[in-house]
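Student: Got a structure here, written out as structure tokens. Questions coming.
What follows is calculated from the coordinates using simple rules that are stated; it is not laboratory data. Keep in mind that this is a model prediction, so the values were computed, not measured. Neighbour counts run over all protein chains shown; Cβ positions are idealised from the backbone, glycine included.
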Amino acid sequence: MIRYALACSKGHTFESWFQNSAAYDKQAKRSLIECPLCGDSKVEKALMAPTLAGTKKRGRPSAPLAMPAAMPAPEAAPAPSDTPTPVAMVSPEEREFRAKLKELRDHLTKNADNVGRKFPEEARKMHYGEAEHRSIYGEASPQEAKDLHEEGIEFHPLPVLPEERN
Ligand SMILES: [Zn+2]
């Protein structure tokens, strides 16, 4: 499950859960998503910070989390790895959210190669076909992340756990 913050054409923002991003695309294309405030079906993603829900059933209803509806999108390109990303969160959902971040992070780090500081180099090699595509993670400075982004290289920030930020 993935949660998107959405905005209708009148500027109302709301959140909705989808099976995955393809499910969102399909529903959006068919105008199946309606703004709960005004019923407008011209809806688009309000920001680029989807929250992943656990894929296992936890017996807890997925009640809407009391998060700020819109986190400000970072100015610079999303930075991978350990570069802290500004986030705003409120308790007690924060704990659950952090557990999910950890889950996601553990999954990524288990299933991808850690290339450390060579991340920008490795990402480029794959992008330009000099190396085989695989899952990698590592570190990049904000500037390097920005450069990669400008070259059209797709990557995603690795969730940073607050306690690792010291
Ligand atoms: Zn609306």
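Student: Would you tally the net charge around ASN20, using a Cβ to Cβ cut-off of less than 12 Å, leaving ASN20 out, and scoring K and R as +1, D and E as -1?
Tutor: +1
Student: Between GLN27 and ASP147, with labels modelled 7 Å along Cα→Cβ, what's the label distance in nm to one decimal, could you check?
Tutor: In this crude label model, GLN27 to ASP147 measures out at 4.1 nm.
Student: Can you give the FRET efficiency for GLU130 and GLU94, using 1/(1 + (r/R0)^6), R0 = 41 Å, r = Cβ-Cβ distance, to the nearest 0.05?
Tutor: So the FRET efficiency works out to roughly 0.50.
Student: Further question on the same structure: Counting Lys +1, Arg +1, Asp -1, Glu -1, what net charge surrounds ALA46 among other residues with beta carbon under 14 Å of its beta carbon?
Tutor: +1
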